[in-house]
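A.B. asks: What follows is a single structure, and I will ask about it in a moment.
The values are calculated or read from the model by the stated rules, or taken from the named source; none is laboratory data. For clarity, every value in this text was computed on a predicted model and none was experimentally measured. So basically every Cβ, Gly included, is an ideal-geometry build from the backbone, and we count neighbours across all protein chains shown. Just so you know, the surface numbers come from the protein's heavy atoms only, side chains and all, with ligands and any DNA or RNA stripped out. Shrake-Rupley method; radii C 1.70, N 1.55, O 1.52, S 1.80 Å.
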Amino acid sequence: MADHHDDQTARPTTGAPDLADLQHWTWVMGRAQQMMMEQGLGLMQAGQTPDSASPFASPALLQQTQDYWRDNLALWQRFVDPAAAVPPPPQSEGDARDKRFKAAAWRDDPYFDWIRRSYNLIADHMLRGVDALDGVPEKQKEQLRFAARGLVDAMSPSNFPMTNPEVVEKTIETRGQNLLDGLRNMLADIGKGQLTHTSEGAFEVGRNLAMTPGKVVKRTALYELIQYTPTTERVLATPLVIFPPWINRFYILDLTPEKSFIRWAVEQGITVFMVSWKSADASMKDVIWDDYVAAQVEAVDTIRALLDVPSVHTIGYCVAGTTLAATLALLAARDEADKVASATFFTAQVDFARAGELQNFVTEEQLALIGALSPQGFLDGRYMAATFNLLRGRDLIWNYVTNNYLLGSDYTPFDLLHWNGDTTNLPSKWHLSYLTDLYRDNLLVQPGAMSVAGEALDLTRVTTPAYVQAGREDHIAPADSVWKITQLFRGPLRFVLAGSGHIAGVVNPPAAGKYQYWTNESGAQSLADFVAGATETRGSWWPDWIVWLRDRGDDEVAAEGARHPGEGALPALGEAPGDYVRAR
């Protein structure tokens, strides 16, 4: 039996309104246009805003206002009378690559084409309007830019069911089932307090993630130390210990086997150790940065004693790289720098003067909020996850609102996004001091301004050979910020600029054949000079790193005895990936 939904199937699948709807909305938009024009013309005729001291009174901003009204009128004319209108300007490269508007209806249907062009016009002028403000400090202007970009992304017509042709078509096709499916997805996310990015149950640590064989050989209240099983008969005499960021799980470097940096490093004949940090709970309310530095020193000493070697290679990723720099400065102050044979930095910052968009979250209001959200002494990792999602809101928030809430689509299995949602809690005392001392006050680059365990830190005393990797498109640790390490350390240093960003630029196995990296052997004095004279190499930078590491010493030993986890002085406490990585 037919029901009352049947007649809807005869409507155009593009979702274009009928004549009565179009007349109504034409009147509404025309009236809105008239109101805005009256306001805009008043401003232009006056030549200034009511408060001439206001940054909104700048000639540049008034010109921007005039440009907006002119462009808006031209767009309106193209919609109501296409034959008489001036042809639209050619589509920019950015518009052509905008995945939000990839459906043909955004261009082929006049109604949705007008919506898309209107949105792009408003977005462009909003962002240009911030740049046109006079008398606003650059830091505050950058905060305004960030807020404007967030607002622009949020107001996209692709985010709303009635202004997205794909959603309109899907709703008619499924008789609204997509909206019910999307509501179920949204309610599930509200229930767990976190946005879902990938299908539930597709990945599990120890089953198809973090599978490199090894054993936990040490456990403290702050970390587990994992030693991986060698796969070659001989290994480098100098072992490697990796310090991952404790704001995420360590297995970003041990995803599926074909993407695992750890597995690859073991296959290169390296004895690899990994520190797996404990997700903070109430017992860690007094943990501070000194404790993480001390943990790195302790891990180095543990490995030296276990394998009876004078020194170890080290890797520090992101915040753990910042901490590794402090560790090196501490060892230099103690005349113990020779405990570390080399230090590799994955997208790590030490100078936070140009630390990127995360600085927009370091305000007195945000710092007070963090304190209020941490009554038990630790910050729920979901708050940090939300912050990082906001840095790429178009890709990590609104893309999922459209696909999974509006279109009701199933989630796609993706190991990296599973890791991204596997949050860890942070000790709030450490987190607040990190934001204030480094992001806000930038103390680490000031000799003697910070101390650890009673020792003043001075990065210019660090002479440890260093390999510094930065991501060209990194929005968390911008390349020009990472570059600053090269101007502080005094030892031999190799800087490599990798394609892509904070994660994909690091996790780029050679077999994938993706991206590229740049090197420059001429001793550039700035990142711009480095790029200008750089040589591009296609593919992963990992092979470049292993050559550099072996240049620090290529002596090998048999992979036996203590080189196998659990067969030395430290008994195995459990299988890799350990307990801490699973703790919630």
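A.B. asks: Order the peptides 168-179, 273-284 from the highest to the lowest mean number of other Cβ atoms within 10 Å of their residues. The partial results should precede the final answer.
C.D. replies: On the way: 168-179: 17.3, 273-284: 21.2.
The packing order, highest mean first, is 273-284, 168-179.
A.B. asks: Could you tell me how far the Cα centroid of the range 111-160 sits from the Cα centroid of the range 307-349, in Å?
C.D. replies: For the range 307-349 versus the range 111-160, the Cα centre distance is 43 Å.
A.B. asks: Lysines within cross-link reach of Lys429: Cα-Cα under 20 Å, excluding same-chain residues under 8 positions apart?
C.D. replies: Counting by Cα, and skipping residues close in sequence, Lys429 has these lysines nearby: Lys278, Lys285.
A.B. asks: On to the next question. Run the simple label-point estimate for Asp555 and Arg538 please: 7 Å along Cα→C-beta, distance reported in nm.
C.D. replies: Between Asp555 and Arg538, the simple spin-label model gives 4.0 nm.
A.B. asks: With every protein chain left in place, what is the accessible area per residue of the range 291-420 in square angstrom, probe 1.4 Å?
C.D. replies: Details: 4650 Å² over 130 residues.
Heavy-atom SASA per residue in the range 291-420 reads 36 Å².
A.B. asks: Using only the alpha-carbon atoms of the range 104-255, report the extent along each of the three principal axes, biggest first, to the nearest angstrom.
C.D. replies: Here the spans come out as 67, 53, 32 Å, largest first.
A.B. asks: Could you name the lysines whose alpha carbon sits less than 26 Å from that of Lys141, not counting residues in the same chain fewer than 8 places away?
C.D. replies: Straight-line reach from Lys141, under 26 Å: Lys484.
A.B. asks: Could you pull the accessible area for Glu298 with a 1.4 Å probe, rounded to 10 Å²?
C.D. replies: 80 Å²
A.B. asks: Over the range 489-584, average the accessible area per residue using a 1.4 Å probe and give it in Å², no decimals. Could you put the intermediate results ahead of the total?
C.D. replies: On the way: 4740 Å² over 96 residues.
Accessible area per residue, the range 489-584: 49 Å².
A.B. asks: In straight Cα distance, which aspartates and glutamates are under 12 Å from Lys99, not counting same-chain residues fewer than 8 positions off?
C.D. replies: Hits, sequence-local ones excluded: Asp395.
A.B. asks: Related question: Got a number for carbon plus sulfur as a percent of the range 175-311's accessible area, 1.4 Å probe? Spell out each step's value before the answer.
C.D. replies: Details: 2710 of 5030 Å².
That fraction is 54 percent.
A.B. asks: What ranking do 532-541, 199-208, 124-133 get when scored by the average of other Cβ atoms within 10 Å per residue, highest first?
C.D. replies: Working: 532-541: 15.3, 199-208: 13.4, 124-133: 16.9.
Ranking the peptides 532-541, 199-208, 124-133 by packing returns 124-133, 532-541, 199-208.
A.B. asks: Next up: Determine the percent antiparallel among the DSSP beta bridges restricted to the range 193-302, to the nearest 5. Write out the running numbers ahead of the final one.
C.D. replies: Details: 10 of 14 bridges.
Antiparallel bridges make up about 70 percent of those DSSP assigns within the range 193-302.
A.B. asks: Using a 1.4 Å probe on the protein heavy atoms, what percent of the accessible area of the range 373-483 belongs to carbon and sulfur? Walk me through the numbers before you get to the answer.
C.D. replies: On the way: 2180 of 4280 Å².
Solvent-exposed carbon and sulfur of the range 373-483 make up 51 percent of the total.
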